[in-house]
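Heads up: the structure comes next, in structure tokens.
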Amino acid sequence: MMENRSFDHMLGSLRAKDPRIDGYPDDWTNPDPDGRPVRVKLKAAYRGQLTPDPEHHFPHVDRQIFNGDTSPNRVPTMKGFVRSYYEQRQDIDHAAQIMYAFKPEQLPVLTTLAQEFAVFNAWFSSIPGPTLCNRAFAHYGTSFGQAAMAWWYATKPTVSIYDRLVASGRTAKVYYFDQSSSSLEVPNLLKNQPAVFGTYDDFLVSCRDDTLPDYAFVEPNYTDHEEDGLEILASDQHPDHHVREGDRFIASIYNAIRRNETLWRKTALLIVYDEHGGLFDHVPPPACPPDGYEAKLEETGGIPFKFDRLGVRVPAVLVSPWIPRGTVVPSTRVFEHASIPATVTEFFIGDYADRTVREKQAATFLDLLSLPAARSGGFIFADK
Amino acid sequence: MPPRLKIIGIPRTPATAFDQHRLISDLVRNQVYQAHRELHDWWRTLGSVKPEQVQTEQQAAEYLKAVTRILHPEGTRPPAPAAAGKRTRGISLGERPRASRPARRRPRKTSRKRR
């Protein structure tokens, strides 16, 4: 799971190559604070444009989606991104960079995998809010009522996908990059269950030896840091980290699986981003079944929220030799991060009652592995 | 490597991308505070670094490493020989290890304390 990039920002330009991919329309704009339209431009840089870090806490995301409309019957327009970013630096030219998109050739790994395997037109973050609550949906199928970055403690009966798998005689691991990057699951998983953790090095070895657990969740490196005399680049793609290093990180995960032919034929790799990071997208997040929680008003800027609307759309790509080349999952099939534990539970465990409403109703995706025989050949990434 | 695989070349990330003195994001700041909370008693007894003192990515990395070593001692072991042969620090896409790039020593902009 990568960090803080929207679908249109990363993959929207693919629409020019394949009109089935729901990238931004050619004439898509957002108004600036003076009401002038700001167009999408293919001018995204690997780093240097998104400082300060675009706001993506609930009140700001609400503004980005509804453009400041707080009326009872408001409709999401996806027209508030420029105005939201403008508030941070009061600079119209700078705020317009929130509408920049990458050219496909700038992200050769992500765009190649998207075109060769399956790209989701409608994978949304689970909450119109920041990282930790969104990642919680990938681990637990809920954020336990959290809509912000506060820590929390997961409580039964909703246990993590790792607990469920282990209790069912299956195996599962979270692979964090290294100890200095650590995990974003410190309070609930790392403290209490260090046995379900491994490092990026462990992941590479397990791929080589075909000893991966049934389910593996891989975390990128969250910081530029120096260790043992070496410079280690952040690979999470969180603004303002260099996006190419994240593309290379994705390539290394794909390569590790692809190099082991046995592992390749029995593994599905999902590449997904936790949330949009304040970057533009043109598809309004749909409503969803309430989660049984109500967010604290101090986390939402006073806006009532019952976890009944998804967050902004994010890139999601599914890789497997059992997927037909060039699969585009249509917009009529809506996915969110609760789709991850839903899919894993369905495949490895089967019926499992103690899940949230959101997870029970989340779409699953293994039907995309539809070929009668695994594709042969293919490609691998290498240093240029 | 399996046979008949096409090679797609991916450019390396430029060295200028590295900035260990970059101020931490809200995400990493929260990660540091979470780590501090989990080891509150330990820090009170043995630690002198407060999470609010952590400002840069390098400082955050050192802080998180100290905490993670305690929470996850298994991770302190050196990589298995096979892994060490596969990877240098940072992301490498080659099967053979490439030469490590020595860190550029820079003057410290802020004080650091290593546990």
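Laboratory data are not the source of any read-out in this text; all were calculated from the coordinates shown. Values in this document were obtained by computation on a predicted structure and should not be read as measured data. Please note: Cβ atoms are built from the backbone with ideal geometry, for glycine as well, and neighbour counts cover all protein chains shown.
Results, tabulated for the structure shown:
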{"read-out": "Ranking of A:358, A:47, B:12 by count of other Cβ atoms within 10 Å, fewest first", "value": "B:12, A:47, A:358"}
{"read-out": "Proximal charge balance of residue B:4 [Cβ under 14 Å; K/R count +1, D/E count -1]", "value": "+3"}
{"read-out": "Within straight-line cross-link reach of residue A:103, aspartates and glutamates at Cα separation under 13 Å, skipping those fewer than 8 residues along the same chain", "value": "A:8"}
{"read-out": "Fluctuation leader among A:73, A:221, A:188 - chain A, Gaussian network, Cα springs under 10 angstrom", "value": "A:73"}
{"read-out": "Cα centroid of segment A:197-212 to Cα centroid of segment A:1-63, whole Å", "value": "35 Å"}
{"read-out": "Cα gyration tensor shape of segment A:36-149, rounded if a/c is under 1.5, else prolate or oblate by comparing a/b with b/c", "value": "oblate"}
{"read-out": "Most mobile listed residue (A:68, A:350, A:292) in chain A, GNM with C-alpha springs under 10 Å", "value": "A:350"}
{"read-out": "Antiparallel bridges, percent of DSSP beta bridges restricted to segment A:7-368 (to nearest 5)", "value": "55 percent"}
{"read-out": "Spatially proximal lysines relative to residue A:191 (Cα-Cα < 25 Å; intrachain offsets below 8 disregarded)", "value": "A:156, A:173, B:50, B:65, B:113"}
{"read-out": "Alpha carbon centroid spacing (whole Å) that separates segment A:328-384 from segment A:112-176", "value": "13 Å"}
{"read-out": "Percentage relative contact order, chain A, counting C-alpha pairs under 8 Å, at least six apart", "value": "27 percent"}
{"read-out": "Per-residue Cβ neighbour rank within 10 angstrom, fewest leading, B:6, A:191", "value": "B:6, A:191"}
{"read-out": "Neighbourhood charge, 11 Å Cβ-Cβ cut-off, centred on residue A:283 and excluding it, Lys, Arg +1 and Asp, Glu -1", "value": "-2"}
{"read-out": "Set A:17/A:41; A:17/A:384; A:296/A:360 screened for pairs whose C-alpha atoms are more than 18 Å apart", "value": "A:17/A:384; A:296/A:360"}
{"read-out": "Additional length obtainable on full extension of the chain from residue A:15 to residue A:49, 0.36 nm per residue less Cα span", "value": "9.9 nm"}
